Each structure stands twice: as structure tokens, then as C-alpha cells.
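Step one of this worksheet: look at the structure below.
The values are calculated or read from the model by the stated rules, or taken from the named source; none is laboratory data. Being a predicted model, the structure only gives us computed values, none of them experimental. Here Cβ is always computed from backbone atoms with ideal geometry, including for glycine, and neighbour counts include all displayed protein chains. What goes into the accessible areas is simple: the full protein's heavy atoms, side chains included, and nothing from ligands, DNA or RNA. Shrake-Rupley method; radii C 1.70, N 1.55, O 1.52, S 1.80 Å.
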Amino acid sequence: MTTAARQRARTFFSAHPARTVVFSFAGAVALGTVLLMLPAAAQDGAATSPLIALFTSTSAVCVTGLAVVDTGTYWSGFGEGVILALIQIGGFGIMTLASILALLVSGRLRLRLQLTVQAETKSLGIGDVRRVLLGVAGTTLMVELAVGAVLALRIRFGYGEGIGTSAYLGLFHAVSAFNNAGFGLHADNLTRYAQDPWIILPIAVAVILGGIGFPVLLEALRHRHRARTTGRRNWTLHTKLTVATSAALLAIGTLLTGLLEWSNPATLGAHDVGGKLLDSFFHSAVSRTAGFNSLDIGALHASTLLMTCMLMFVGGGSAGTAGGIKVTTFAVLAAAILAEVRGETHSVVLGRRLAPQVLRQALTVALLGVGLVMAATLALLSVSEAAFEAVIFEVVSAFATVGLSTGITAELPGIGQLVLVALMFIGRIGPITLVSALALRERTRRYELPEERPVIG
């Protein structure tokens, strides 16, 4: 590459740091596609079609979990290893880049400098970025190993599997859970473990920790010592808002799942009270972030599917492994609605006034998400004979990178599967690149236009 070309490349990335996220993801998807097309990646030793490989690679890198073939029976050990590596790269890479953008976006020059250093040297610089990286890596390793060990022990002594098989199953599902990917090695996902809290609860904890966002986890760890000495947790508004909203949505999802499916013989109806509560909680936890399921999604009532769609669309915490519009976006919009209903001029959350640009960004992310979901739903309905509720559920699951499925993904025509591929990719990188681009493009108008109010409502 010539000096001029290198200079143009540096300018290309430093002028718009979010491009680094897009191109790194596209490169990972392309590499994963090539590897999964190799004959060694399939159980039967035959080369996998480009569409299946592309779909699986995108789903893994974007930590979604939607699949057009059964992971445990179609792919060989090499193929499963590639998928696991893509999940880890997608989760760790996204969390790293998203955390950098989220933590440093308030300082424009600093953000651009750090991302320019990354593009030029393939490193992430020093200072705060290095501390964030170490925190992300350490937390990831700690949670995945701990959850993997618990799962491996339970599978070994509770289900009689061999040591090697138990360790592999435990690690694979732990990595998939913490990265909110939802890939499982069983054809029925986790429905065989629906009544086993030693499997369900560790996976739920990993899903929640991975989906809440690394800024929240790192801040909680940073202030743990201070809380012990002073008895107070001086959390930022972002952390308070994320934790409170996530807890509220988790509780609401658990309650609604239990109420709507309590007597459904194909889901909760066959379980005892403890099992019903356990699976209601698990469904609520994974609906906003991961694609695991302990209930047959295709057997859920239409009302439960709609409720799940709403949870999936909201998603999890910012700068984590979850998708959706994010819980902070949802909370900011709720605060704006409440302020308007009360007739207040400013939106207030937990004793803090929200900046106008935050409200505009939240509204932009939410409305673009709605528009994308509607456009993709229309596209799939035009090429598929599937029912409307199944199609919109699949679309929201892909956009929010959740991975829950009613079972129609593999039956969609090739063009329909490509729509979901695009949706998973856009849904994963879209909110990150959009918010960072909006923040970096913010500029002050040096004059004011005449004000006028159109009729609303």
C-alpha cells in the first residue's frame, strides 16, 4: 500500500470512528463464512453452501443465535469451534469497541485519537482504553469459566456424561450465554433442562451479566470497595437507569409469561409451581438478550409472542452483548412521555435533567428501529407464506440479535434468509454506530430560525 493510500485509509477511519466497528464486523463475518464453507466444518464432510455459512457466521459474530441448520448435528467439531470462536470475537470485540465509544464519546478529540491509534497500530492505546480492555477481558474470562464449571459439573454428575463431553458442553453454553448468542448444541436447545435450576439459573445469570453492559459492570466493580468503606454507592445515572430498568423489565416479563402461559399444556401447564416460576423467569431473562429457550417458542400463545417481541425490541444494556434499542433508550423515552404528560419543560430522571440531544438520539434510535422492523416484516411477508405473528417475531428477534425463533427461519426462501442476515448485522452495529455518529456530528447553530408549532395529535 502506498503512502497516499495509507493516509486516505487513516483519514477514512479517523474522521468517522464508527466505521471501524462496521468494517471489523464485516471482516469477521466474511472470515467465518469462508471457514464454515470448508468440508471439515460439516459432519458429513461436504462443503457447506455459501448461504448457510453466511447466515451462521453472521448469527455468531452478531451474537444472535438464529440458525438455518441444527448446530449440534450439522457442524463438525471444527465447525462448532469456529462458531464458538466467532461468538467470542463478536462478543468481546463488540463489547470492547462499544465500551470505548460509550465511555469516550463525550470527548471528541480523545475518542478520535484513541480510535485512530487503534486503526493504525491494531492496538487500543493506553490510559482509560487499556483499563477498560483489561476489565472487559478479566470479567469475560471470570464469568465464562465460573458458569462453565458449574454447568460441566451438573452435566457430569446429573446427566452421566463423560468428563470431556461435560466440559465441552459447559464451556460452549457458558460462552454462548455470556455473549448473549443463544447457540446451543442440543436440537431442543435447553428444553430438556427446563426443570433443572442448576442449568437454567447459571445460564440466566451469565445472560444478564453479559447483557447489562460493561460500563455498568466495570463501574459496579470499581465502586465496590468504596461502598464497603462508606456504605454508599456513587453510581452514575447511566448505571442507575440501566439497573433499575433492567430489573423492572425482568420482573414484568416474568409475571406476564407466568400469567399468559400458566395453563398452556405445551409450555408451562405441565410443570409444577416451582418449574413454572423458573421457566417464566428464564424466558423473561433471555427474551431481551439471548436466544436460549426452555419453552417451545412455537407453542406460545400469540399474546406471549407479542409480549416477547416487546421485550426483545427493548433489548439490554448499552455497550454490552445485548441488542435492541437498549434499556436506557426506553427509559429516556418513558421519561420524556412522563414529562410531557405532566406539562414539564424538561425530562427528569432520578434527580437529573436530561439533555435535549439525548432525547433526540433516543427518539432517532427507536423510530429507525421501528421502521427497520416494519420494512423487514413487509419484505418477508411478500416472499413467505408464514403467519404474520411468526414473521414479525422472527424479524424482531433478528433485529434485536436475540435469536429466539418460532421455527420458520430454516423454511424461509434464500432471499428471506438474506433479509435476516442484513437485519442481524444492522441490528448489532446500528445503534452503536448511529449514536456515536450523532454525538460526533453535533454542532451548534449560530442562528435561530423563527419558531412555529404544527398541530400534533
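Some observations on this one:
- Count Lys and Arg as plus one, Asp and Glu as minus one, and take only other residues whose Cβ is under 15 Å from that of Thr377; the net charge is then -3.
- Förster radius 30 Å - calculated FRET efficiency between Ala387 and Val455, Cβ distance, rounded to 0.05: 0.20
- Accessible surface, 1.4 Å probe, highest first, among residues Thr191, Thr73, Thr377: Thr73, Thr191, Thr377
- Other residues lying with their Cβ under 14 Å from the Cβ of Gly317 contribute a combined charge of +2, Lys and Arg counting +1, Asp and Glu -1.
- Pairwise FRET efficiency - Ala410 versus Trp262, Cβ, R0 = 22 Å, nearest 0.05: 0.15
- Here the accessible area is traced with a 1.4 Å probe on the protein chains. For the range 267-386, carbon and sulfur cover 65 percent of it.
- Solvent-accessible area per residue, Å², over the range 222-336 with all protein chains present [probe radius 1.4 Å]: 41
- Multiplying the residue separation of Ile337 and Asp272 by 0.36 nm and subtracting their alpha-carbon distance yields 19.4 nm.
- The slack between Met310 and Arg360, meaning 0.36 nm per residue of separation minus the straight C-alpha distance, is 15.9 nm.
- Dipole in debye (nearest 20) - the range 346-434, about Cα centre, beta carbon charges: Lys, Arg +1; Asp, Glu -1: 680
- Cβ-Cβ FRET estimate between Leu221 and Leu38, R0 fixed at 41 Å, reported to 0.05: 0.50
- In summary, the convex hull built on the alpha carbon positions of the range 256-407 has an orientation-averaged projected area of 10.6 nm².
- Computed lengthening from Thr73 to Val370, 0.36 nm per intervening residue step minus Cα-Cα distance: 103.4 nm
- Phe157, Phe183, ranked by accessible area, largest first (probe 1.4 Å): Phe157, Phe183
- All other residues whose Cβ lies under 15 angstrom from that of Thr289 are scored, Lys and Arg at +1 and Asp and Glu at -1, for a net of +3.
- Note on Met142 and Ala302: their simple-model spin labels are 4.8 nm apart, each label 7 Å out from Cα toward Cβ.
- When all protein chains stay in place and ligands, DNA and RNA are ignored, the 1.4 Å accessible-area order of Ile456, Ile252, Ile208, largest first, is Ile456, Ile252, Ile208.
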